[in-house]
Amino acid sequence: MKIDIITIFPEIFDFYLGQSLISKAQQKGVLKIKTHQLRDFTNDKHNTVDDKPFGGGRGMILKVEPIAVALSKLKVQSAKLKVKPRVVLFSPRGKKFNQKMATNWAKQNQLIFICGRYEAIDERVAKNLATDVVSIGDYVLMGGELPALVAIEAVARLLPGAVGNSESLIGERITKTGGFIEYPQYTRPEVVEIKGEKARVPKVLLSGNHKEIDEWRAKHSKVIE
Ligand code: ADE
């Protein structure tokens, strides 16, 4: 899978994506992530990406043209590879991101993420350029970079061969509809003192009785779909 990210802060991604399992997935060739500096797609000497809102009001608005130019350049490459990318704009006004969306996205060959900044993004990006407008929750962040990283993590761990122990991830904890079953987990020690009290691992998990362990896990599960 290829993920292209259009942003005015590509450095935000460098450290994070260079770490951990995401960088391993990239080394293995399962995932290829490339950031694109939005200012590189401007044609004025100040590399302007924002302007004042029509109708007045506070703050600056991210312009549509640099994003349109960036997308058309990226899409030339996609067309050569006969790939139809999903173009995602991150915005608090978008459809709420969830596990089902991550599962669908993990089946795509290419995702293009557009990260907003400033007060807002010219609405024509959402209306005329993006295939999806997505929010990661009902709160307003300062930009789409963290939402893009959230989506990358959720998608990357679903790619076959991306996560070290993908069998344990995909195996018994996946639901018929592609969701995940999450239950509480513990490791050694069996007892630990926290705030002057003994915090214990539930006895059933130490019993070796797999039927009872499965029942306990089922009772305490949360299904994430
Ligand atoms: N940009 C700012 N806030 C956001 C949110 N909650 N989700 C996605 N993109 C955003």
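Go through V204, V191, V134, V150 for me and flag whichever is modelled with pLDDT of 95 or more and open to solvent by less than 20 Å² (accessible area, probe 1.4 Å).
On the way: V204 fails: open to solvent by less than 20 Å² (accessible area, probe 1.4 Å); V191 fails: open to solvent by less than 20 Å² (accessible area, probe 1.4 Å); V150 fails: open to solvent by less than 20 Å² (accessible area, probe 1.4 Å).
After ruling out the rest, the residue left standing is V134.
For the range 160-172, give me the residue count where each residue is modelled with pLDDT of 80 or more and surrounded by fewer than 17 Cβ atoms within 10 Å (Cβ to Cβ).
At the first step, the residues of the range 160-172 found to be modelled with pLDDT of 80 or more are 160-162.
Applying the additional criterion that residues be surrounded by fewer than 17 Cβ atoms within 10 Å (Cβ to Cβ) yields 160-161.
Number satisfying all stated conditions: 2.
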Can you pull out the residues in the range 14-51 that are open to solvent by less than 60 Å² (accessible area, probe 1.4 Å) and in contact (Cβ under 8 Å) with a residue 40 or more places away in the chain? L17, I22, A25, V30, L31, I33, V49, D50
List every residue pair whose Cβ atoms sit under 8 Å apart, with the two residues 6 or more apart in sequence or on different chains, where the first one lies in the range 103-117 and is in contact (Cβ under 8 Å) with a residue 60 or more places away in the chain and in the same structural domain as P147 (by TED's automatic domain parsing) and the second, anywhere, is more than 16 Å from the ligand (Cβ to nearest atom) and of a type in the set (D, E). Q110/D4; L111/D4; I112/D4; F113/D4
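Residues to consider are R157, R86; find the one that is in contact with a Leu (Cβ under 6 Å, 6 or more places away or on another chain), over 25 Å from M60 (Cβ atoms), surrounded by 14 or more Cβ atoms within 10 Å (Cβ to Cβ) and touching a residue at least 24 places away in the same chain (Cβ under 8 Å). I'd like the intermediate steps shown before the answer.
Details: R157 fails: in contact with a Leu (Cβ under 6 Å, 6 or more places away or on another chain).
From the options R157, R86, the qualifying one is R86.
Would you check if there is a residue in the range 60-73 being acidic (D, E), at pLDDT 95 or above and either surrounded by fewer than 19 Cβ atoms within 10 Å (Cβ to Cβ) or more than 19 Å from D132 (Cα to Cα) (or both)? First the steps, then the outcome.
Applying the first criterion (acidic (D, E)) to the range 60-73 yields 65.
Add one more test, that the residue is at pLDDT 95 or above, and what stays is 65.
Still in the list and also either surrounded by fewer than 19 Cβ atoms within 10 Å (Cβ to Cβ) or more than 19 Å from D132 (Cα to Cα) (or both): 65.
Scanning the range 60-73 turns up at least one residue that is acidic (D, E), at pLDDT 95 or above and either surrounded by fewer than 19 Cβ atoms within 10 Å (Cβ to Cβ) or more than 19 Å from D132 (Cα to Cα) (or both).
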May I ask you to list the residues in the range 118-149 that are more than 11 Å from the ligand (Cβ to nearest atom), in contact (Cβ under 8 Å) with a residue 60 or more places away in the chain and closer than 13 Å to G94 by Cβ? V125
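The values are calculated or read from the model by the stated rules, or taken from the named source; none is laboratory data. Just so you know, these numbers come straight off a predicted model, no measurement behind them. Glycine also receives a Cβ, built like all others from the backbone with ideal geometry; neighbour counts cover every protein chain displayed. In case anyone asks, the SASA skips ligands and DNA or RNA and just uses the protein heavy atoms, side chains included. Shrake-Rupley method; radii C 1.70, N 1.55, O 1.52, S 1.80 Å.
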